[in-house]
Number of protein chains: 2
Amino acid sequence: MDPLIHSLLTEIRRGNLTLAVLSQLRSPQYGYSLVQLLKELGVVIEQSTLYPLLRRLEKQKLVTSFWDKSDKRPRKYYQLSGYGEEVFHQLRKEWMKNTKKLYGVLSEGEGEHEFD
Amino acid sequence: MDPLIHSLLTEIRRGNLTLAVLSQLRSPQYGYSLVQLLKELGVVIEQSTLYPLLRRLEKQKLVTSFWDKSDKRPRKYYQLSGYGEEVFHQLRKEWMKNTKKLYGVLSEGEGEHEFD
DNA sequence: TCCTAGTACTGTATGACGTACACTATTTAT
DNA sequence: ATAAATAGTGTACGTCATACAGTACTAGGA
């Protein structure tokens, strides 16, 4: 792939990954399971991208975490905080609005409407 | 607005603005007219954001430019290059695909489908 | 006639995040 | 015994939207 296209696609992922991750933390998930879960939903994310993101979300108090060591493998679970639910709701609302607009802009001059 | 939400929305705009601008350069446009045109389409962008972006796009050879000094006001027109059209087409395709997926993810657990 | 807003552009620095990379550790499968 | 999978921590870099400073001229209003 053209390196420039790859770079531009990375920019497009910024912010979008935050939304995708927050959307799957209404119920507790641990890091590795999020990678799998999101992959099933069509959102591919590397561990090297997810863990720093989870770290930032916790720092921003959008999620909380706890260790579950009852299994042979200790796992760190993350879940939306109250504040995180509010922020997620607003972000999701803005995302829907802005994406619909950009979709309209990008659909101009093309006969097809791929969301239909 | 919560500064964190503002910051996250800025991240979401990255990449998206590139697509919006490229989409309006199939025909030549000058900077200031792009601001107005995009505003009409619901994509609000400041001059302080647009001009550096146009500069970068030209540097990346996605657009070409020429001065029109026939009017009292000299204007710098920009237009998609051949390469830019290719890149735009691919980006737009990827954006549609990825956005549809994220839309599906964000619509889970909500009864409504706002794109319908 | 003067002043402000609008029109039109150039240049530069900053903050934030996806990403790559290095690293650690244990369990499971081959 | 070894490699892959599972599960996580930490750090540095490249990129771009944004803010800010600045320049310049025209048009409109007082």
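Miscellaneous remarks
- Here the 3J(HN,Hα) profile of region B:18-29, calculated from phi with Karplus coefficients 6.51, -1.76 and 1.60 at θ = phi - 60°, is 4, 4, 4, 5, 4, 5, 9, 10, 4, 10, x, 9 Hz, Gly and Pro shown as x.
- Of the accessible area of region A:20-116, computed with a 1.4 Å probe over protein heavy atoms only, carbon and sulfur atoms account for 48 percent.
- 3J(HN,Hα) along region B:72-80: 4, 9, x, 10, 9, 8, 10, 8, 4 Hz, from the Karplus curve 6.51 cos²θ - 1.76 cosθ + 1.60 with θ = phi - 60°, whole Hz, x for Gly and Pro.
- Candidates B:SER33, B:SER81, B:SER23, ranked by Gaussian network fluctuation over chain B, Cα under 10 Å, top entry: B:SER33
- Relative to the longest principal axis of the Cα atoms of chain B, the long axis of helix B:47-59 makes an angle of roughly 70 degrees.
- Dividing the summed helix terms, -39500 (n - 2.57) for each DSSP H run of n ≥ 4, by the number of residues in chain B produces a 222 nm estimate of -19000 deg cm²/dmol to the nearest 500.
- When the alpha-carbon atoms of region B:1-86 are used, the pair Rg, Dmax equals 13.9, 47 angstrom.
- Interface burial for B against A (accessible surface, 1.4 Å probe, total of both chains, Å², rounded to 100): 4600
- In chain B, the longest principal axis of the Cα atoms and the axis of helix B:3-13 are about 60 degrees apart.
- Here the Karplus relation 6.51 cos²θ - 1.76 cosθ + 1.60, evaluated at θ = phi - 60°, turns the backbone of region B:89-105 into coupling constants of 4, 5, 4, 4, 4, 5, 4, 4, 5, 5, 5, 4, 5, 5, 4, x, 5 Hz, with x for every Gly and Pro.
- In nanometres and ascending order, the distances from the B:GLN47 label point to those of the other copies are 5.1 (point 7 Å from Cα along Cα→Cβ).
- Within a Gaussian network of chain B (alpha carbon springs, distance under 10 Å), most fluctuating of B:GLY42, B:GLY82, B:GLY15: B:GLY42
- When A:SER7 is represented by a point 7 angstrom out along its Cα-to-C-beta vector, the spacings to that point in the other copies are 2.5 nm, nearest first.
- Calculated translational diffusion coefficient of the protein assembly as shown (10 °C, 1.306 mPa s; Stokes-Einstein with Kirkwood radius over alpha-carbon pairs) equals 82 µm²/s.
The values are calculated or read from the model by the stated rules, or taken from the named source; none is laboratory data. Values in this document were obtained by computation on a predicted structure and should not be read as measured data. We place every Cβ from the backbone using ideal geometry, glycine too, and count neighbours over all the protein chains shown. With ligands, DNA and RNA removed, areas are computed over all heavy atoms of the protein, side chains included. Shrake-Rupley method; radii C 1.70, N 1.55, O 1.52, S 1.80 Å.
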